[in-house]
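Quick notes on the structure that follows.
The values are calculated or read from the model by the stated rules, or taken from the named source; none is laboratory data. This one's a predicted model, so the numbers in the text were calculated from it and none came from an experiment. Neighbour counts are summed over all protein chains in view; Cβ atoms, including those assigned to glycine, are modelled from backbone coordinates with ideal geometry. Just so you know, the surface numbers come from the protein's heavy atoms only, side chains and all, with ligands and any DNA or RNA stripped out. Shrake-Rupley method; radii C 1.70, N 1.55, O 1.52, S 1.80 Å.
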Amino acid sequence: EFTGRVCPAPCEGSCVLGINNPAVTIKNIEQAIVDNGFEKGWIKPYKVEYRTGKKVAIVGSGPAGLAAADELNKLGYKVTVFEREDRIGGLLMYGIPNMKLGKDIVQRRVKLLADSGIEFITNVDVGKDVHTKQLKVDFDALVFTTGATRARDLPIEGRDALGVHLAMQYLTKNTKSILNTGNADTSELSAKGKDVIVIGGGDTGTDCIGTAIRQGAKSIVNFELMGKPSIERPENNPWPLWPLIYRVDYGHAEAKEVFGDDPRQYNLMTKSFIKDDEGNLTGLKTINVGFVDGNLVEINGTERNWDSQLALLSMGFVSPEHYISEDSNIDIDDRGNYLAEYGNYSTSQSGVFAAGDCRRGQSLVVWAINEGRSAAQKV
């Protein structure tokens with residue numbers, strides 16, 4: 001129910017039929033099967049026949065954490081999942097908007113896991129509210145599945161302007177507002193009546209576009225650093241590689257329907273944020289760029305100012321936050337991720353494991369689930 005809704009389905013890009021025909025719609029088939037299974041009542045809580053007496057703590061309740069918890073519980077361990085937010089699900093809950101992944105879908109799976117015997121504890125920030133030293137006393141093993149939540153920023157002139165926000169802050173605040181009040185966010189982060197610019201493409205950028213439309217944005221533009229992809233696979237991108245082709249996601253289609261054009265502008269680099277005397281964002285300054293021998297080159301004479309009162313930075317994530325690795329004294333790799341070998345998942349501290357984005361870097365939901373299940377076997 002998660003991969004069938006939010007995974008970009010690289011499996012379809014590698015489908016044998018895709019060599020010369022449209023690929024099998026694996027993603028849609030997955031969703032149809034699981035939704036039918038729930039509708040028919042075939043998917044039920046797992047009955048654990050035997051308990052080992054051992055206890056495992058999982059830090060983070062995203063897809064990697066839920067997968068690890070599910071596997072360990074079936075193996076007979078008493079599993080407790082710690083989540084710093086007020087609801088379980090990690091990015092499934094707050095990083096993906098409701099129109100793409102209904103929170104009833106997330107809560108349905110969480111309830112199933114809870115009914116199977118897994119304990120969930122929210123509003124506890126491990127490394128701050130409780131230290132890993134204490135968890136190592138209380139539990140036989142720890143599994144870090146905290147995600148790669150440190151966003152890539154844009155430290156250019158005017159970054160401190162009021163109205164420049166990280167995409168995940170924006171999406172989280174709106175989802176919380178909808179779940180808590182039934183209404184879209186109306187705080188200073190709201191896009192209502194504003195010229196919105198989303199910097200960076202990808203799934204998160206699309207989600208920002210879709211959310212801003214629903215909040216009533218005046219206009220939406222999406223800046224892409226790279227050029228516009230081709231409709232067909234280029235020769236240097238053969239099957240079974242992920243097809244680097246032009247795609248229209250739901251946010252792009254909705255923006256075209258509402259505003260008349262696809263919101264994406266290609267080969268654009270943001271040079272600075274423009275603000276008024278009170279520090280409020282009023283616009284962005286950009287320049288067109290190209291690539292020469294693989295190097296990014298600015299094109300003289302293409303500077304332009306864009307009106308904007310809300311700019312959302314959607315440029316991916318660089319690493320997990322490090323207060324947990326510092327608190328637990330585990331090593332990190334040269335990219336800032338928790339150091340643990342793929343297939344082994346053990347960190348530098350005995351009894352402490354890491355899986356998912358916090359170990360491999362920002363990746364897909366299918367990898368998070370794979371690593372969560374595999375790490376559970378190693379535990």
Taking region 321-379 and the residues there that are over 23 Å from Ala151 (Cβ atoms) and in a helix (DSSP H, G or I), the one that is nearest to the chain's Cα centre (by Cα) would be Asn370
Tell me which residues, restricted to region 216-227, are assigned to a loop (DSSP other than H, G, I, E, B) and either surrounded by 15 or more Cβ atoms within 10 Å (Cβ to Cβ) or at pLDDT below 95 (or both).
Ala217, Lys218, Glu224, Leu225, Met226, Gly227
Can you tell me which residue among Lys218, Lys228 is over 25 Å from Asn295 (Cα atoms) and not hydroxyl-bearing (Ser, Thr, Tyr)?
Lys218
For region 165-175, state whether one or more residues are buried (at least 20 other Cβ atoms within 10 Å of the Cβ), under 20 Å from Val352 (Cβ atoms), touching a residue at least 40 places away in the same chain (Cβ under 8 Å) and in contact with an Asp or Glu (Cβ under 7 Å, 6 or more places away or on another chain).
no
Over region 122-152, the set of residues over 23 Å from Met93 (Cβ atoms) and open to solvent by less than 70 Å² (accessible area, probe 1.4 Å) is Thr132, Asp138, Phe139, Ala141
Could you give me the residue pairs with C-beta distances under 9 Å whose first residue belongs to region 63-86 and is at positive phi, whose second residue is of a type outside the set (Val, Ile, Thr) wherever it lies, and which are 6+ apart or on separate chains?
Gly76/Glu49; Gly76/Tyr50; Gly76/Arg51; Gly76/Gly53; Gly76/Lys54
Condition first: under 19 Å from Val56 (Cβ atoms) and touching a residue at least 24 places away in the same chain (Cβ under 8 Å). Can you find one or more residues in region 300-307 that meet it?
no
Return yes or no: is Arg152 of a type in the set (Lys, Arg) and out of contact with any helix residue (DSSP H, G or I) (no Cβ under 9 Å at 6 or more places or on another chain)?
yes
In this structure, is Val24 in contact with a helix residue (DSSP H, G or I) (Cβ under 8 Å, 6 or more places away or on another chain) and of a type in the set (Val, Ile, Thr)?
yes
It is to be established whether one or more residues within region 307-315 are open to solvent by 40 Å² or more (accessible area, probe 1.4 Å) and within 19 Å of Gly361 (Cα to Cα).
yes
Tally of residues being in contact with a Lys or Arg (Cβ under 9 Å, 6 or more places away or on another chain) and open to solvent by 50 Å² or more (accessible area, probe 1.4 Å) across region 255-281
2
All but one of (1) assigned to a helix (DSSP H, G or I); (2) within 18 Å of the chain's Cα centre (by Cα) hold for Pro97; state the number of the condition that does not hold.
(1)
Subset of region 100-120 [assigned to a loop (DSSP other than H, G, I, E, B) and either crowded, with 21+ Cβ neighbours inside 10 Å or without any contact (Cβ under 8 Å) to a residue 60 or more places away in the chain (or both)]:
Leu101, Gly102, Ile118
Cβ-Cβ under 9 Å pairs, at least 6 apart or on other chains, region 35-47 side over 24 Å from Gly76 (Cα atoms), far side in a loop (DSSP other than H, G, I, E, B) and among the aliphatic types (A, V, I, L, M):
Gly37/Ile43
Filtered residues of region 287-317 (kept if of a type in the set (Ser, Thr, Tyr) and under 27 Å from the mean Cα position of the chain (by Cα)):
Ser308, Ser314
Output for region 23-44, where each listed residue is more than 24 Å from Trp367 (Cα to Cα), part of a loop (DSSP other than H, G, I, E, B) and open to solvent by 40 Å² or more (accessible area, probe 1.4 Å)
Lys40, Trp42, Lys44
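Quick check: anything in region 242-250 part of a helix (DSSP H, G or I) and either under 23 Å from Asp185 (Cβ atoms) or open to solvent by 20 Å² or more (accessible area, probe 1.4 Å) (or both)?
Within region 242-250, one or more residues are part of a helix (DSSP H, G or I) and either under 23 Å from Asp185 (Cβ atoms) or open to solvent by 20 Å² or more (accessible area, probe 1.4 Å) (or both).
Okay, residues lined up against (1) assigned to a loop (DSSP other than H, G, I, E, B); (2) touching a residue at least 60 places away in the same chain (Cβ under 8 Å); (3) crowded, with 20+ Cβ neighbours inside 10 Å; (4) over 20 Å from the mean Cα position of the chain (by Cα):
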residue: Arg159; (1), (2), (3), (4): yes, yes, no, yes
residue: Asn180; (1), (2), (3), (4): no, no, no, yes
residue: Asn183; (1), (2), (3), (4): yes, no, no, yes
residue: Thr206; (1), (2), (3), (4): no, no, yes, no
residue: Ile209; (1), (2), (3), (4): no, no, yes, no
